[in-house]
1. For segment 96-110, check the following and say yes or no: at least one residue is charged (D, E, K, R) and in contact with a Gly (Cβ under 9 Å, 6 or more places away or on another chain).
2. Asp234 versus (1) modelled with pLDDT of 70 or more; (2) of a type in the set (Asp, Glu); (3) surrounded by 14 or more Cβ atoms within 10 Å (Cβ to Cβ); (4) in a loop (DSSP other than H, G, I, E, B): which is the lone unmet condition?
3. Any residue that is in a loop (DSSP other than H, G, I, E, B) and basic (Lys, Arg) - is there at least one of those in segment 331-349?
4. Across segment 188-208, what is the total count of residues that are of a type in the set (S, T, N, Q) and in contact with a strand residue (DSSP E or B) (Cβ under 7 Å, 6 or more places away or on another chain)?
5. Which members of segment 266-305 meet the condition of being of a type outside the set (S, T, N, Q), in a loop (DSSP other than H, G, I, E, B), within 18 Å of Ser159 (Cα to Cα) and touching a residue at least 24 places away in the same chain (Cβ under 8 Å)?
6. If you check Thr180, Thr174, which single one turns out to be closer than 23 Å to Thr83 by Cβ and part of a loop (DSSP other than H, G, I, E, B)?
7. Go through the residues of segment 85-108 one by one and say whether even a single one is buried (at least 16 other Cβ atoms within 10 Å of the Cβ) and acidic (Asp, Glu).
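The values are calculated or read from the model by the stated rules, or taken from the named source; none is laboratory data. These numbers come from a predicted model, not from an experiment. Backbone-built Cβ (ideal geometry, glycine too); neighbour counts: all protein chains shown.
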Amino acid sequence: MFPIDIRPDKLTQEMLDYSRKLGQGMENLLNAEAIDTGVSPKQAVYSEDKLVLYRYDRPEGAPKAQPVPLLIVYALVNRPYMTDIQEDRSTIKGLLATGQDVYLIDWGYPDQADRAITLDDYINGYIDRCVDHLCETHGVDSVNLLGICQGGAFSLMYSALHPEKVRNLVTMVTPVDFKTPDNLLSAWVQNVDIDLAVDTMGNIPGELLNWTFLSLKPFSLTGQKYVNMVDLLDDPDKVKNFLRMEKWIFDSPDQAGETFRQFIKDFYQNNGFLNGGVVLGGQEVNLKDITCPVLNIFALQDHLVPPDASKALKGLTSSKDYTELAFPGGHIGIYVSGKAQKEVTPAIGKWLNER
């Protein structure tokens with residue numbers, strides 16, 4: 001074994017550096033401006049209840065917009081500005097740069113008035129009316145869908161129930177097989193009495209879900225990152241980016257009770273995409289009814305949606321044009337890492353433009 005190299009002069013220098021960074025960091029934290037929630041200009045073009053549909057402005061120098069609009073369907077958990085978190089790390093900006101005409105559904109913040117909203121209301125109601133708005137606005141019969149995480153599951157359901165309205169489907173870090181052996185979140189929820197939880201609380205608190213997700217990797221997500229934070233505190237730009245991420249992590253809307261009930265029972269507990277039995281609006285969801293081209297993107301180090309959970313989509317649809325893209329990163333890195341900006345977003349744009 002090598003002896004531990006702890007020299008007094010080295011230890012003293014490290015302590016001085018730490019104190020300097022901490023002191024500068026406190027000043028940078030106090031001087032930090034209000035943290036924005038998305039950096040790209042956008043316009044509200046449709047609203048209903050808590051939902052707002054946004055259309056993103058085309059930046060100067062962007063290529064001519066494609067005739068078929070792209071609708072992004074985000075998860076109900078956390079907020080969709082993760083796709084537009086900062087200037088140089090924005091999935092939205094990357095898609096605009098490839099010529100996509102980008103729209104995004106912001107689900108808002110459900111309150112107790114929304115506790116009875118069902119999964120059918122989200123899929124056959126909200127999403128369908130947003131799609132109809134885009135079709136009418138652009139004079140087309142179908143749109144491109146990009147579903148992210150739970151929003152990807154929503155997009156799969158919508159594409160199966162309304163195949164004539166979906167031209168191309170892109171799924172990102174989307175769970176399909178909810179019972180893969182490495183799915184810790186699924187293992188935790190198998191024996192939870194979901195009916196009791198919803199009947200007791202009505203809506204499920206976003207804070208409760210958020211701490212559940214953080215508990216999947218407690219050391220790295222709740223302890224180590226704050227230790228590492230000291231190394232960036234003396235850089236104002238890095239401080240602002242850190243605070244942006246913190247704001248997003250803890251910006252967790254409550255979940256409409258009835259939707260949460262059905263989603264957890266039908267998918268996490270009964271694995272509905274594989275086993276069937278998911279019924280919306282009197283019609284069973286069958287992925288074989290999806291016939292459009294499908295691009296399925298997953299992250300190889302994803303702890304929330306393991307790669308095998310997403311890769312299960314292969315062969316479940318009737319699409320004759322199925323493509324997979326593996327990203328060497330995690331559930332969040334697939335949106336915000338520099339590598340994702342160079343590889344994932346341009347690949348989505350290229351795939352859509354070719355079709």
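1. Checked segment 96-110: no residue is charged (D, E, K, R) and in contact with a Gly (Cβ under 9 Å, 6 or more places away or on another chain).
2. Looking at each condition in turn, Asp234 falls short on (1).
3. No: zero hits.
4. Total satisfying the criteria: 1.
5. Going residue by residue through segment 266-305, those that are of a type outside the set (S, T, N, Q) are 266-268, 272-274, 276-282, 284-285, 287-290, 292-295, 297-300, 302-305.
With the extra rule that they be in a loop (DSSP other than H, G, I, E, B), the set shrinks to 276-278, 281-282, 285, 290, 292-293, 300, 302-305.
From the residues that got through so far, the ones that are within 18 Å of Ser159 (Cα to Cα) too are 276-278, 281-282, 285, 290, 292-293.
Answer for segment 266-305, where residues must be of a type outside the set (S, T, N, Q), in a loop (DSSP other than H, G, I, E, B), within 18 Å of Ser159 (Cα to Cα) and touching a residue at least 24 places away in the same chain (Cβ under 8 Å): Val278, Gly281, Val285, Ile290, Cys292, Pro293.
6. Just one listed residue meets the conditions, Thr174.
7. yes
For (1) farther than 22 Å from Asp254 by Cβ; (2) at pLDDT below 95; (3) out of contact with any helix residue (DSSP H, G or I) (no Cβ under 6 Å at 6 or more places or on another chain), each residue gets a yes or a no:
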| position | (1), (2), (3) |
| --- | --- |
| Tyr126 | no, no, yes |
| His133 | yes, no, yes |
| Leu146 | yes, no, yes |
| Ala153 | no, no, yes |
| His162 | yes, no, yes |
| Val166 | yes, no, no |
| Gly202 | no, yes, no |
